[in-house]
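Visitor: This structure is in structure tokens; I'll ask about it shortly.
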Amino acid sequence: MGELPCVIDFHDDFCPPCKAVGPALDRLAIEYQGSVEFYEVDIKQEEVLAQELGVKNLPTIVFCPVDKLPMVIERAVSEDRIKSTIVKELLIKNKI
């Protein structure tokens with residue numbers, strides 16, 4: 001497992017909703033630099049990976065905490081929604 005949680009953006013360059021979400025993810029990558037890793041996966045270049053991971057809808061954003069199972073959003077969402085998911089799922093430890 002990685003040392004930092006991560007966000008993985010599965011997208012296609014010709015997908016309008018993907019283009020809408022991309023700038024928000026770029027801004028958040030700068031804001032959370034050093035706390036959260038951000039990755040982009042172009043499904044045209046990584047078709048096998050996308051199929052193996054079951055990516056069917058675009059954009060698909062996967063939030064991968066260090067210590068629990070990933071959370072997936074399979075549609076375009078607002079920057080505020082992405083940010084709140086980062087805080088809730090990746091940065092705040094769940095209390096038992």
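The values are calculated or read from the model by the stated rules, or taken from the named source; none is laboratory data. Being a predicted model, the structure only gives us computed values, none of them experimental. Neighbour counts are summed over all protein chains in view; Cβ atoms, including those assigned to glycine, are modelled from backbone coordinates with ideal geometry.
Visitor: Looking only at the range 25-52, which residues are aliphatic (A, V, I, L, M) and either farther than 18 Å from residue 85 by Cβ or touching a residue at least 24 places away in the same chain (Cβ under 8 Å) (or both)? Spell out the reasoning first.
Guide: Step one: filter the range 25-52 for residues aliphatic (A, V, I, L, M), giving 25, 28-30, 36, 41, 43, 48-50.
25, 28, 36, 41, 43, 48, 49, 50 - these are the residues of the range 25-52 that are aliphatic (A, V, I, L, M) and either farther than 18 Å from residue 85 by Cβ or touching a residue at least 24 places away in the same chain (Cβ under 8 Å) (or both).
Visitor: Out of the residues in the range 78-96 meeting the condition of being touching a helix residue (DSSP H, G or I) at 6+ places or on another chain (Cβ under 8 Å) and within 17 Å of residue 39 (Cα to Cα), tell me which one is surrounded by the fewest Cβ atoms within 10 Å (Cβ to Cβ).
Guide: Our first condition is that a residue be touching a helix residue (DSSP H, G or I) at 6+ places or on another chain (Cβ under 8 Å); within the range 78-96, this holds for 78-79, 82-83, 86.
With within 17 Å of residue 39 (Cα to Cα) added as a condition, the list becomes 79, 82-83, 86.
Numbers: 79: 13, 82: 20, 83: 15, 86: 20.
The extreme case among them is 79.
Visitor: Now, a different point. Restricting to the range 11-21, name every residue that is surrounded by 11 or more Cβ atoms within 10 Å (Cβ to Cβ) and not in a helix (DSSP H, G or I). Even if it seems obvious, please write down each step before you answer.
Guide: Start the filter on the range 11-21 by keeping residues that are surrounded by 11 or more Cβ atoms within 10 Å (Cβ to Cβ), which leaves 11-13, 15, 17-21.
11, 12, 13, 15, listed by residue number.
Visitor: Next question. Taking the range 65-92 as the region of interest, how many residues are closer than 16 Å to residue 6 by Cα and either in a loop (DSSP other than H, G, I, E, B) or aliphatic (A, V, I, L, M) (or both)?
Guide: Count: 15.
Visitor: Could you tell me which residue of the range 12-21 is farthest from the chain's Cα centre (by Cα), considering only residues that are within 16 Å of residue 74 (Cβ to Cβ) and touching a residue at least 12 places away in the same chain (Cβ under 8 Å)?
Guide: Only one residue tops the list, namely 15.
Visitor: While we're looking at this one, here's another question. Out of the range 52-64, which residues are surrounded by fewer than 19 Cβ atoms within 10 Å (Cβ to Cβ) and part of a loop (DSSP other than H, G, I, E, B)? Walk me through how you get there before you give the answer.
Guide: We begin by selecting, within the range 52-64, every residue surrounded by fewer than 19 Cβ atoms within 10 Å (Cβ to Cβ); these are 52-54, 56-57, 62.
Across the range 52-64, the qualifying residues are 53, 54, 56, 57.
Visitor: Here's another thing I want to ask about it. Given the criteria over 11 Å from the mean Cα position of the chain (by Cα), surrounded by 12 or more Cβ atoms within 10 Å (Cβ to Cβ) and touching a residue at least 12 places away in the same chain (Cβ under 8 Å), does residue 8 qualify? Show your work before the answer.
Guide: Values: over 11 Å from the mean Cα position of the chain (by Cα): no; surrounded by 12 or more Cβ atoms within 10 Å (Cβ to Cβ): yes; touching a residue at least 12 places away in the same chain (Cβ under 8 Å): yes.
It is false that residue 8 is over 11 Å from the mean Cα position of the chain (by Cα), surrounded by 12 or more Cβ atoms within 10 Å (Cβ to Cβ) and touching a residue at least 12 places away in the same chain (Cβ under 8 Å).
Visitor: Take the residues of the range 22-51 that are modelled with pLDDT under 95 and assigned to a helix (DSSP H, G or I): which is nearest to the chain's Cα centre (by Cα)?
Guide: Filtering first and then ranking leaves 50.
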